[in-house]
1. Cβ under 14 Å from D428's Cβ, D428 left aside: what net charge do those residues give with Lys, Arg +1 and Asp, Glu -1?
2. Whole Å is fine, so just give me how far the alpha carbon centre of the range 277-318 lies from that of the range 409-441.
3. With both partners inside the chain, how many of the DSSP beta bridges are antiparallel, as a percent to the nearest 5?
4. Percentage of Cα-Cα pair distances in the chain greater than 41 Å, rounded to whole percent?
5. Only helical DSSP H runs with n ≥ 4 go in: add -39500 (n - 2.57) per run for the chain, normalise by residue count and round the 222 nm mean residue ellipticity to 500 deg cm²/dmol.
6. How large is ³J(HN,Hα), in whole Hz, for each residue of the range 130-146 in order, when computed from phi with the Karplus curve 6.51 cos²θ - 1.76 cosθ + 1.60 and θ = phi - 60°, using x for Gly and Pro?
7. Amide H to amide H, which residues 5 or more places from R435 or on other chains are under 5 Å from it, using H placed in the peptide plane?
8. What order do you get for 279-287, 136-144, 35-43, 230-238 when each peptide is scored by the mean count of other beta carbon atoms within 10 Å, highest first?
Amino acid sequence: MIQQINQFLQEEQQSCAVLGTNGSGKSRLAEELFQTSEVPSALVSLEQQIAVIEEERLNDDSDFLDHVDPGRSVLEFITEAGEVSDELQARFEQFRMGGILERGLKFLSTGEFRKAQICRALAEKPARLILDEPFDGLDAGSQEELKYFLNDLAADGVQLVLLLNRIDEVVDAAAQIFLIDEFGLVDAVSKGDELERFFRMVELPADLPEPPEREALQLDAATPLIDFKQVGVAYGDKQIFQGLDWCVEQGEHWQVSGPNGCGKTTLLEMVTGDHPQLYSNEVNVFGIRRGSGESVWDIKKHIGHVSSSVQVNYRVAASVQDVVISGLHDSIGMYRKPSLHEIKCAKEWISLLHLGHKTARPLRTLSYGEQRLVLIARAMIKRPALLILDEPCQGLDEVNRRTILNLINHIGESSGTTLLYVSHHATDQVPCIKRQLTMGE
């Protein structure tokens with residue numbers, strides 16, 4: 001497979017895209033293409049991003065200072081790879097990077113971090129740029145900007161290799177599309193060919209797995225699940241959002257949207273109780289004023305949560321089955337023997353997502369997209385009163401993306417779970433979600 005792609009790159013001197021299923025080894029292929037390249041190349045990947053975030057965490061000196069350690073700035077991160085030429089400065093402006101160059105890496109959104117990675121790669125002046133899922137985490141506007149940006153790079157002579165999950169992310173500059181699965185190369189097609197025929201729709205069961213007996217949320221019907229009153233968050237002089245009034249009634253499903261950096265993830269962290277500025281605001285969750293002496297776990301047990309930060313922070317050595325079961329106990333890892341009912345329920349969810357052959361595998365040995373599927377099962381296994389889905393389709397291939405969107409809609413329509421959903425992709429709409437909170441306006 002790698003020989004065929006390398007042969008195309010060397011002989012045709014054009015850009016290409018690789019579309020693959022979860023577990024097909026796209027990230028490993030990206031590394032191999034980078035390592036075997038005969039021309040100066042740069043690689044941008046989610047794995048690199050996770051490694052940088054982990055490095056920033058290890059080097060965080062906030063505990064020894066009288067202020068939060070910002071760590072490396074975006075500009076420092078980029079200039080580690082090379083000087084900022086006039087051409088790269090123009091790329092900053094084209095990519096609207098001015099507002100984040102002095103910000104610490106740890107304070108970036110997923111999409112902002114992706115922009116920083118790409119600019120760092122360009123500082124190396126590569127002849128070939130290999131991008132593993134470059135669109136993940138970018139808002140709709142930034143996705144279009146990146147497509148224009150990449151086509152512009154290709155026109156300037158930079159050869160692009162894009163490893164993607166989604167058909168609609170293939171840029172015009174890609175003259176060839178390689179389709180792969182876990183067994184290797186499936187086909188090679190030209191841009192413009194009808195690709196929908198390569199993807200099947202997975203049918204969901206009529207009834208979702210029943211969770212083990214659990215304590216139901218006791219809440220008066222008139223009490224909203226979430227009630228924000230004039231809520232604001234700021235980092236130093238930078239105001240993320242302010243004066244936010246927001247009320248989520250029981251059974252209402254909301255989509256939260258807005259550009260990268262507008263505070264969508266921060267908003268969700270206020271709901272889950274994972275943001276330090278929560279207690280200086282009037283935030284009520286399940287009728288309880290946060291910071292009033294309530295138990296964090298009494299609230300978390302009624303919330304399911306999927307996000308990039310959950311995925312990054314799930315670092316314990318645990319099998320796929322144990323990770324899914326841990327969602328019943330709101331823990332990272334398993335610290336007690338599961339019941340037979342818990343095991344049965346976990347296996348049903350794992351089978352539903354077509355990962356039954358990997359039940360005993362350690363989570364970290366799975367591809368990024370497969371890990372995301374497991375964490376979705378972990379969030380859904382307890383059928384929570386509130387399900388928070390922050391870019392749940394990030395890293396998923398076309399088939400699994402459609403499966404998860406159908407699953408989310410099924411849960412919203414047929415259970416008592418309220419949905420909070422964040423997605424940057426216009427094609428990732430969930431029909432049962434009728435309410436919209438648009439931030440950054």
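What follows draws every value from the coordinates through simple rules; no lab data is involved. Computed from a predicted model, the values in this text were never measured in an experiment. Glycine also receives a Cβ, built like all others from the backbone with ideal geometry; neighbour counts cover every protein chain displayed.
1. -4
2. 20 Å
3. Antiparallel bridges make up about 40 percent of those DSSP assigns within the chain.
4. That fraction is 17 percent.
5. When only DSSP H runs of four or more count, the value is -10000 deg cm²/dmol.
6. 9, 10, 9, 6, x, 8, 4, x, 8, 6, 4, x, 5, 4, 5, 4, 5
7. Hits under the 5 Å cutoff: H253, Q255.
8. 136-144, 279-287, 35-43, 230-238
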